[in-house]
């Protein structure tokens, strides 16, 4: 299980535990937690702000791509684009939702995919991570090595400022969207999907 999958599983279990202990009579505002490179950050937003960011993120997940690579591609198309994966993890059921998932890794291409589905014929891309030496770019021409300011400018109206900092920009929300990680103010990795449930 890769780092993103472990983080997602840990965070999801934490959320389930928190929700099971929540007092339903309390009128407290919802305070979601965000995962950023294994660091949990708490943010305070109104429900409308959270909904707006989530809507932005879900729309981005549906429409964004890295070249021809996008969410919900099937295994046949993935193999046409990149060939057989160099590494495949064992297909495992995630207790959070009872779905089968498997990671397909192309380390020499800088691509890691998490696919959802029990069989190869039904699996689709659920999460994408790219890093060096991947040369794929988003529809806004952002790729590995792009400058922080260029990313900020390209996605300015969709950045979740409360979940972002100089090392991470969350576009949409952690519940769905893009996450750009930076090193020396240049894109080190790009994630598309949901890093939290």
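Here, each number is a calculation from the coordinates, and none is a lab measurement. This is a predicted model, so every value here is computed, not measured. Ideal geometry is used to build each Cβ from the backbone, glycine not excepted, and the neighbour counts take in all protein chains shown.
Which of the numbered conditions does residue 121 fail, given that it passes all the others? Conditions: (1) in contact (Cβ under 8 Å) with a residue 24 or more places away in the chain; (2) within 21 Å of residue 188 (Cα to Cα).
Of (1) in contact (Cβ under 8 Å) with a residue 24 or more places away in the chain; (2) within 21 Å of residue 188 (Cα to Cα), only one is false for residue 121: (2).
For the stretch 60-84, which residues satisfy the criterion of being over 14 Å from residue 134 (Cβ atoms) and in contact with a helix residue (DSSP H, G or I) (Cβ under 9 Å, 6 or more places away or on another chain)?
Result: 60, 70, 71, 72, 73.
Just to be sure, is residue 148 free of Cβ contacts under 8 Å to residues at least 40 places away in the same chain, out of contact with any helix residue (DSSP H, G or I) (no Cβ under 9 Å at 6 or more places or on another chain) and buried (at least 16 other Cβ atoms within 10 Å of the Cβ)?
Answer is yes for this residue.
In the stretch 71-111, what residues are surrounded by 13 or more Cβ atoms within 10 Å (Cβ to Cβ), in a loop (DSSP other than H, G, I, E, B) and without any contact (Cβ under 8 Å) to a residue 60 or more places away in the chain?
73, 85, 86, 91, 109, 110
Which numbered condition in (1) within 25 Å of residue 64 (Cβ to Cβ); (2) surrounded by fewer than 13 Cβ atoms within 10 Å (Cβ to Cβ) is the only one that residue 124 fails?
(2)
Being in contact with a strand residue (DSSP E or B) (Cβ under 7 Å, 6 or more places away or on another chain) and over 21 Å from residue 64 (Cα atoms) narrows it down to one residue among 88, 188, 137, 158; which is it?
88
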